[in-house]
1. Take the residues in region 90-115 that are under 23 Å from residue 138 (Cβ atoms) and among the aliphatic types (A, V, I, L, M); name whichever of them is surrounded by the most Cβ atoms within 10 Å (Cβ to Cβ).
2. Any idea which residue in region 62-85 is surrounded by the fewest Cβ atoms within 10 Å (Cβ to Cβ), counting only those that are part of a strand (DSSP E or B) and more than 29 Å from the chain's Cα centre (by Cα)?
3. Could you run through region 110-124 and say how many residues are assigned to a strand (DSSP E or B) and either hydroxyl-bearing (Ser, Thr, Tyr) or touching a Pro at 6+ places or on another chain (Cβ under 7 Å) (or both)?
4. Inspect region 60-81 for any residue being among the acidic types (Asp, Glu) and modelled with pLDDT of 95 or more and give the result as yes or no.
5. Can you pull out every residue in region 95-109 that is more than 12 Å from residue 207 (Cα to Cα) and in contact with a strand residue (DSSP E or B) (Cβ under 8 Å, 6 or more places away or on another chain)?
6. Taking residue 130 and the conditions (1) under 20 Å from the mean Cα position of the chain (by Cα); (2) within 21 Å of residue 206 (Cα to Cα); (3) part of a loop (DSSP other than H, G, I, E, B), which numbered condition does it fall short on, given that it satisfies the others?
7. Can you name every residue in region 86-109 that is part of a strand (DSSP E or B), under 14 Å from residue 149 (Cβ atoms) and not aromatic (Phe, Trp, Tyr)?
8. Scan region 120-131 and tell me whether some residue there is small (Gly, Ala, Ser), surrounded by fewer than 18 Cβ atoms within 10 Å (Cβ to Cβ), at pLDDT 90 or above and farther than 21 Å from residue 75 by Cα.
Amino acid sequence: MKIKQFYQVSIIVATAIFAMGCSYNNKPPAPKPQKQVKINKPVRVAPPKPSGITLSQLNSGGITTLAIKGPHRFKEGQPIKFIIDTRGAEGYLYVVYSDSNGEVGVLYPNPKSPLTEISGKYIFPDDFGTMVINATKDCKGCKEDKTVVYALLTKEPILDIRNINQTHLKNILGGQSLQTSIAKTKGISMSLDSGSSNSNANVNIGVLEFVVE
């Protein structure tokens, strides 16, 4: 009885030792140390500077070289149309207006009619996308309201055209007052041209005044 028990115990001990040996032999090898990789910091590339000109750099030399022809009077609600002739000059056209309150706004370009280079004679706004511009009066109870339209043609895009104001318009005209420019015109067609040129000029300009009844 004792011998049998001893035999059984011996078998159990041997089995345990064999299992430990197998477990030790099947242990996965330790991972090899990884080489450290040096990561360079990303290089920041400066965005390209926009190409163009600013409002403060515009100078017409005090002369108007674009022709704008159109009616002198509009009825309130009537569609506004006029002709712009670049007279052979080529560039980027901007059409802005100044109302009787001194407010200045941009008619062209706009989100529906993007900026493009032009040269020739055009009907505004028919030839510039799907725009419809109607005559309105900002003054309440007044008999008529005056609006002045400016056409600017530049060789380079105007970067800050949305910031244009009365001071910019005066500077672009070279200090020449608007009333002096309008006094040169006759009748309902307005084509302002002094017949001279200025080597310092970098913008062609035309001016049209009309009233809304």
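The values are calculated or read from the model by the stated rules, or taken from the named source; none is laboratory data. In this text the structure is predicted, and so the values were computed from the model without any measurement. Note that we place each Cβ from the backbone using ideal geometry, even for glycine, and neighbour counts take in every protein chain shown.
1. For region 90-115, the residue satisfying everything is 95.
2. Within region 62-85, the subset part of a strand (DSSP E or B) is 67-69, 73-74, 79, 82-85.
Imposing the further condition that a residue be more than 29 Å from the chain's Cα centre (by Cα) reduces the set to 73-74.
On the way: 73: 12, 74: 22.
Selected residue: 73.
3. Filtering region 110-124 for residues assigned to a strand (DSSP E or B) gives 110, 113, 117-118, 121-124.
The next check asks that each one be either hydroxyl-bearing (Ser, Thr, Tyr) or touching a Pro at 6+ places or on another chain (Cβ under 7 Å) (or both); those that pass are 113, 122.
Number satisfying all stated conditions: 2.
4. First pass over region 60-81, keeping only residues among the acidic types (Asp, Glu): 76.
From what is left, the residues that are modelled with pLDDT of 95 or more are none.
No, region 60-81 contains no residue that is among the acidic types (Asp, Glu) and modelled with pLDDT of 95 or more.
5. Step one: of region 95-109, the residues more than 12 Å from residue 207 (Cα to Cα) are 99-109.
Of everything in region 95-109, those that are more than 12 Å from residue 207 (Cα to Cα) and in contact with a strand residue (DSSP E or B) (Cβ under 8 Å, 6 or more places away or on another chain) turn out to be 99, 100, 104, 105, 106, 107, 108, 109.
6. (2)
7. Step one: of region 86-109, the residues part of a strand (DSSP E or B) are 91-99, 104-108.
Filter once more, keeping what is under 14 Å from residue 149 (Cβ atoms): 93-99, 104-108.
Scanning region 86-109 gives 93, 95, 96, 98, 99, 104, 105, 106, 107.
8. Yes, some residue in region 120-131 is small (Gly, Ala, Ser), surrounded by fewer than 18 Cβ atoms within 10 Å (Cβ to Cβ), at pLDDT 90 or above and farther than 21 Å from residue 75 by Cα.
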